[in-house]
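Chemist: Mind looking over this structure? Questions follow.
The values are calculated or read from the model by the stated rules, or taken from the named source; none is laboratory data. All of these numbers come straight from a predicted model, not from anything done at the bench. Cβ atoms come from the backbone with ideal geometry, glycine included; neighbour counts cover every protein chain shown. Keep in mind that these areas ignore ligands, DNA and RNA; they rest on the heavy atoms of the full protein, side chains included. Shrake-Rupley method; radii C 1.70, N 1.55, O 1.52, S 1.80 Å.
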Amino acid sequence: MTEPLIVVTALEKEYRLEGKRLPVLRGIDLAVAAGEQLAICGESGAGKSTLLHIMGGLDRPTAGRVVIGGEDVFHWPDHRLALWRNEHVGFVFQFHHLLPEFSALENVAIPLLIRGDRRRKARETAAALLDRVGLGDRLAHQPGEMSGGEQQRVALARALVTRPAMMLADEPTGNLDRQTSREVEDLLFELNREYGMVLVIVTHSQRLAGRMRRTILLEDGMTREVSGR
Ligand SMILES: Nc1ncnc2c1ncn2[C@@H]1O[C@H](COP(=O)(O)OP(=O)(O)O)[C@@H](O)[C@H]1O
Ligand SMILES: [Mg+2]
């Protein structure tokens, strides 16, 4: 096997609230190969979002390591971690997390502007990707002027615009009706085929998990392989 893209070792996370310790992740070991599809399932409160956020460098672990593309990412200070994240990780959340005051085009262009692309080039790249996700005629719409499915398509475009090596999606269709969920899922899988990024999806949906090549279950702070290996 080639070196996996993501290697999580002895990962622990505990939160502290009012002096009390709340252990959420209790020693997770996980390797994800480049281009792999992984579904993370588990009960509400099991720690799925916590794990996903740590895998993408949005939150720091209490103990353990996350090595991505050979880099021990939590050795870096916050500003370096943020730059790395912008370039290499695409996040999609249950609620789109788009900036409400900005158009679809601007929302998708922002990660490119952050990394220093010229304004004109960033807008062209963003427009092409919005066209690809079926929103070529919604470029000037703000999030509040789009349907839930359209908002998630914009969120997918924003997550992919830097061509990241990994896309991390937290209940990406959890807020959509059945038909719209299916359409957004289909688009997600098409983009995964085209871009070849690692796709990690946290989901409650058995149907969506069933479409992924590999599934793990998070329970009592530990992971267990359910299918795919
Ligand atoms: N920032 C935080 N501070 C304290 N506790 C938190 C925080 N974030 C999550 N938790 C707790 O950690 C546990 C796991 O949360 P989470 O990862 O969001 O679970 P899931 O996504 O599986 O529903 C929950 O019990 C939650 O209340
Ligand atoms: Mg969650």
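Chemist: Pull up the range 24-57, narrow it to residues that are of a type in the set (Ser, Thr, Tyr) and open to solvent by 20 Å² or more (accessible area, probe 1.4 Å), then point me to the one that is nearest to ligand 2 (Cβ to nearest atom).
Modeler: Step one: filter the range 24-57 for residues of a type in the set (Ser, Thr, Tyr), giving 44, 49-50.
Retained after the next criterion (residues that are open to solvent by 20 Å² or more (accessible area, probe 1.4 Å)): 44, 49.
Numbers: Ser44: 7, Ser49: 3 Å.
Applying the filter and picking the extreme gives Ser49.
Chemist: Return a yes/no flag: does the range 3-15 have any residue that is within 16 Å of ligand 2 (Cβ to nearest atom) and buried (at least 20 other Cβ atoms within 10 Å of the Cβ).
Modeler: Kept after step one, since they are within 16 Å of ligand 2 (Cβ to nearest atom), are these residues of the range 3-15: 13, 15.
Next, from what is left, pick out any that are buried (at least 20 other Cβ atoms within 10 Å of the Cβ): 13.
Yes, the range 3-15 contains at least one residue that is within 16 Å of ligand 2 (Cβ to nearest atom) and buried (at least 20 other Cβ atoms within 10 Å of the Cβ).
Chemist: For the range 91-103, check the following and say yes or no: at least one residue is hydroxyl-bearing (Ser, Thr, Tyr) and in contact with a strand residue (DSSP E or B) (Cβ under 6 Å, 6 or more places away or on another chain).
Modeler: Taking the range 91-103 first, the residues hydroxyl-bearing (Ser, Thr, Tyr) are 103.
After this cut, where a residue has to be in contact with a strand residue (DSSP E or B) (Cβ under 6 Å, 6 or more places away or on another chain) as well, the list is none.
No: the range 91-103 contains no residue that is hydroxyl-bearing (Ser, Thr, Tyr) and in contact with a strand residue (DSSP E or B) (Cβ under 6 Å, 6 or more places away or on another chain).
Chemist: Now, a different point. Take Arg153 and tell me if it is away from ligand 2 (no atom under 16 Å from the Cβ) and at pLDDT below 95.
Modeler: Details: away from ligand 2 (no atom under 16 Å from the Cβ): yes; at pLDDT below 95: no.
Considered against the rule, which asks whether it is away from ligand 2 (no atom under 16 Å from the Cβ) and at pLDDT below 95, Arg153 comes out as no.
Chemist: May I pose another question? What's the total number of residues in the range 175-229 that are more than 16 Å from ligand 2 (Cβ to nearest atom) and touching an Asp or Glu at 6+ places or on another chain (Cβ under 6 Å)?
Modeler: Summing the residues that are more than 16 Å from ligand 2 (Cβ to nearest atom) and touching an Asp or Glu at 6+ places or on another chain (Cβ under 6 Å) in the range 175-229 gives 1.
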